[in-house]
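The values are calculated or read from the model by the stated rules, or taken from the named source; none is laboratory data. If you're wondering where the values come from, they're calculated on a predicted model, not measured in any experiment. All Cβ positions, glycine included, derive from the backbone under ideal geometry; neighbour counts span all protein chains shown. The protein model used for the area step is the full one, side chains on, heavy atoms only, and it has no ligands, DNA or RNA in it. Shrake-Rupley method; radii C 1.70, N 1.55, O 1.52, S 1.80 Å.
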Amino acid sequence: MNKQKKANKKQMSSSVVLSSSTSVSSDQNSENNYTCKKCNQKMESNSSTNSSNSSLRTPRVLPCLHTFCESCLIDLGNNGSGGEISCPNCEYKCKISVHELPKNYDLMKKIELLSIHSNLTYCDNCDDNVLAEYQCTDCSPIFLCETHKSIHLKKKTNHSVISLNDPKFENHLNPNLFSVKCERKGHEKDEIDFYCEGCDKLICVRCVVTDHKSPQHNYYELKEVAKRYKTSTDELLRQTNSKFPIIDHSITQIKRIISELESKFKKIENEIKEESKKLVKSIKEREERLIQQLERIKQEKKMKLENQLKLFEKNRNNFQNTCEFTKSTLDGIKEDNNNDNNSSKDKTG
């Protein structure tokens, strides 16, 4: 609860500052700066378009001070756990109604200026879409073409006009275009004029009368509160800016350590690879030696076996020749005996 209350306090502080902001930086006058970083669609001021969906493109600020269009914030709330909104940029979580988030009036003013300088503003007195070239600085926002500027100055001799291309034009934008309206139901047309400190809420005159009466409530004029917040915010900004050198030094140190880490690990990696090559070479050499040794043993065994084979073949041949000779001799003796027997029979007969 305390964390959420601090977030709401921070949100209210940004709301007060945003509602009183009138500065427009010319170096940010680029259409890319006005695109919602969630949906990549151009955000719009309430007066920059007549579309019925224009309010859904209104830029609103989260407690973390990141800005998104109202449509994306509604989607984030619908998709979040229990209506919780998680910032797409920093993932800061808050549980707050989208319509309670302050509008980024400074950004809306820049969008309005960009719209005007991009020739998207038409003459209010022409029936056709004739581009405006001037604005009357005395009337509520009336944009005029060249012809109606002359007609207007003839009728309103004490009025003055300013060219839309004049560098000082932004100083003459009607503040009513960007006035902060009360968001209480029934008070939507009333401008915010006060800040109730006890309720930590921006209120209108009718809110003072109905719900924020003294002495139960301490309320102050918005300009006074904005000045107070601006003073404290300027001091916080000064203190924060003084921390940047320390942060930048830390970032530099971390980058250096990361770089050294990469270098050291690369060196170790190379050493591992070199050692691996040596091991592979050693294993390969060992493999070759073993193969050579195996080949030598094989040849020796083979030679012995071949010698034994030759010896056995030689002995076999000798045995075979002996057997054949012996058989031949025996066959000769047998034949001689038969011949002798036949001769004896012939003599006796």
| field | Residue ID - most open to solvent (accessible area, probe 1.4 Å), chosen from residues in segment 124-141 that are modelled with pLDDT of 85 or more and under 17 Å from Asp166 (Cα atoms) | value | Glu133
| Before we move on, is Ser232 among the hydroxyl-bearing types (Ser, Thr, Tyr), modelled with pLDDT under 90 and either in contact with a Lys or Arg (Cβ under 6 Å, 6 or more places away or on another chain) or under 23 Å from Glu197 (Cα atoms) (or both)? | yes
| request: For residues that are open to solvent by less than 70 Å² (accessible area, probe 1.4 Å) and assigned to a helix (DSSP H, G or I), scanning just segment 200-227, find the one that is farthest from Pro102 (Cα to Cα). | output: Val208
| From the options Ser282, Ser263, residue that is modelled with pLDDT under 90 and either in a helix (DSSP H, G or I) or farther than 30 Å from Glu100 by Cβ (or both) | Ser263
